[in-house]
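Notes follow once the structure below has been shown.
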Amino acid sequence: MLSHSNIMWALRKVTPVYDIGEGDRLLSFLPLSHIAERMMSDFLPIAVAGETWFARNLATVAEDLPACRPTVFLAVPRLWEKLRETIESNLRAQSLPVRAAVQRYIDLGLLNVASEQEGSLVNRSTLALYRVLDLTVGSTLRQRLGLDRARVLVTSAAPAHPELISWFHAIGLPLLQLYGLTEGCGPTAANRTDHVRIGTVGTALPGMSVSIADDDEILLKGGNVCLGYLNDPEATAELIDADGWMHTGDTGAFDAYGSLRILGRKKDIIITAAGENIAPEAIEVDLTNHPLISEAVVLGEGRRYLAALLTLDPDALTRWARQHTKLGDLEALAADPDLLAEIQAVIDQVNTKRSHAESIRKFRVLAHVLTAEDGELTPTMKVKRGIVYEHHAEVITELYANG
C-alpha cells in the first residue's frame, strides 16, 4: 500500500537532487504498472510540470528517442545495451577514418572515466584531445541517439555491468545506477551527477536511510516506505520490523566511499552440494555483457557444480552468422560448433575472475529467446527463474546427468 504521502515525500526528496523541474521531458516505454516508470513518467511530470512522451513500443525506442530528445531518461540495462549495439553496428558501416576517430574518442573517454574512478589525473594533452573529440565525435553520437539534451540518465530495475556504464560515461552520457523497490516508491539509493561510483548504486537519497543487517540484507527507512501489504498483517510484519526498518530481500555491502553495492537477492542465493553460498546475479551480468548472450540463468542449487542456461541476441547472432558465412535459423545456429566454442571462450574468461566453486562448468544455449509473453521475463526484462527452471527442466536434468 503506497500512500499519497509516500509518493509525494519521495518526489520532494529526489527532484532537487537532480534539479528536475518545469519543462523537463521524459520518454516512457516501460509498463506504467512498474513503480520506476510510474514515478518517472506519471507522477514526477505532474508534480514538476514536465512532459511525458510515449514510445510507440519497445522495439521503436531507438527511433523515438531522436524525435523526443528527452532531458531525463530512465531505461533498463538491456535497453542501454541495445543502444550501445546500435552505435557499434552503425559504426561498422562507416569508412575507416571515421571508425578510427570514433574508436580513438571512446578509448580516450574510457581512460578518462577510469582515472576519475581511481582518483588519478589524466595527461593534459590526452584530456585536451578527448575534449576536442567530444565536441565533434561525441556530440554527433549523442545527437544521433537523441540524447544530446539529456541531463539525467538512469539505469535501474536490474543490475548493469560496470563496463556498460563506463562506456556511456566515455561518450558523455553518464549513466546513474539507481536502486529501489516498489515498497519504497522506487528510488532509495542512487549515484549523483556530481559523484558516481561505477559498480554501485550510490548512496541513500536525502531523508532516506540504508543499513546492512548481520546477514548482509539491505534495510531501508524513510517516508517513502509503504504502509504494508493490503489485508496481510503477517507479511507486513515480515517486511517492516518493530524499529521501522524495511527488509528488502536484497543483499549488499558498502564500499570504501560509502556507496552501496548490490550483491543479489537472498532468495536467489545458490547453495551447492558442498555448502558454498553463491550469488548468481554478478556471474549472469558478466556473461550477458558479451554481445552474443542476451540472457543467462545460473544453476547449481544442491549440485556439485554450477551450470548455465543461455539465450542468444538475435541481432548479434545474425551479424556473427554473416561474418562466419553460416546459414540456418536460431535453433540450428544454437548448436553450431564454432558458435559454441566462442561461447565457451566467454565462459572461460568469466571463470578466470572467480573461484572454482563460482565457475561455470557446463552450459546449454536455448534455441529461443526468453520473453514476457512466455512468462519467462518480467515486463522490465528481468528473468523469472522459477518459470525458466520449470520450462527447461529436461535441459537442466541433462546438464547434471553425470553429477
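Each value in this text was obtained by applying a stated rule to the coordinates, not by laboratory testing. Keep in mind that this is a model prediction, so the values were computed, not measured. Here the Cβ positions follow ideal geometry from the backbone for every residue, glycine too, while neighbour counts run over all protein chains shown.
Amide H of R304 versus every other amide H placed in the peptide plane: which residues, excluding those fewer than 5 positions away on the same chain, fall under 5 Å?
Here the answer is A273, since their amide H atoms fall under 5 Å of that of R304.
Could you sort the peptides 168-178, 373-383, 271-281 by per-residue average Cβ neighbour count (10 Å cutoff), highest mean leading?
In descending order of packing, they fall as 168-178, 373-383, 271-281.
For the chain, what is the charge dipole size about the Cα centre, in debye to the nearest 20, if Lys and Arg each add +1 at the Cβ and Asp and Glu each add -1 at the Cβ?
With Lys and Arg at +1 and Asp and Glu at -1, about 1320 debye.
For the range 170-270, what does the relative contact order come out to in percent, with C-alpha contacts under 8 Å and a separation of six or more?
22 percent
For a test of the definition: using alpha carbon positions, the gyration tensor, and the 1.5 limit on a/c, classify the range 316-397 as rounded, prolate or oblate.
Oblate.
Picking from T318, L287, N277, whose Cα lies most toward the positive end of the charge dipole for the range 269-399 (charges on Cβ: Lys, Arg +1; Asp, Glu -1)?
N277
Have a look at the DSSP beta bridges in the chain and tell me what percent are antiparallel, nearest 5.
65 percent
Tell me, what ³J(HN,Hα) does each residue in the range 53-63 have, in order and in whole Hz, if you take phi through Karplus 6.51 cos²θ - 1.76 cosθ + 1.60 with θ = phi - 60° and put x for Gly and Pro?
Running phi through 6.51 cos²θ - 1.76 cosθ + 1.60 with θ = phi - 60° gives 9, 10, 5, 5, 6, 4, 6, 9, 4, 4, 7 Hz.
Hand me the chymotrypsin sites (Phe, Trp or Tyr not before Pro) from the range 184-282 located in a DSSP loop with no more than 16 other Cβ atoms within 10 Å, in residue order please.
Sparse-neighbourhood loop chymotrypsin sites (Phe, Trp or Tyr not before Pro): Y229, Y257.
What whole number of Å gives the distance from the Cα centroid of the range 326-389 to the Cα centroid of the range 1-68?
First find each Cα centre; the distance between them is then 33 Å.
Going by how many other beta carbons lie within 10 Å of each one, how would you line up T352, T182, fewest first?
Listed from fewest to most nearby Cβ atoms, that is T352, T182.
Read through the labelled values (1) 34; (2) 30; (3) 23 and report the label of the one computed as percent of Cα pairs over 35 Å apart from the structure.
Identified label for the calculated read-out: (2).
Of I165, A10, G300, which is farthest on the positive side of the dipole of the chain, counting Cα position, with +1 on Lys and Arg Cβ, -1 on Asp and Glu Cβ, and the Cα centre as origin?
Farthest along the dipole direction, towards plus: I165.
With a 10 Å Cβ neighbour count serving as the proxy for reagent exposure, in which order, fewest first, do D214, D134, D338 appear?
D214, D338, D134
Have a look at the DSSP beta bridges in the range 269-399 and tell me what percent are antiparallel, nearest 5.
The antiparallel fraction comes to roughly 65 percent.
Using the per-residue mean of other Cβ atoms lying within 10 Å as a proxy for protection, in what order, highest first, do the peptides 258-268, 96-106, 232-242 fall?
258-268, 96-106, 232-242
Amide H to amide H, which residues 5 or more places from Q177 or on other chains are under 5 Å from it, using H placed in the peptide plane?
Under 5 Å from the amide H of Q177: T155, N191.
May I ask you to derive the relative contact order of the chain, considering only C-alpha pairs under 8 Å and at least 6 residues apart, and to give it as an integer percent?
Relative contact order here is 13 percent.
When a footprinting reagent is the concern and you count Cβ atoms within 10 Å, what order do R149, R303, R92 take, fewest first?
R92, R149, R303
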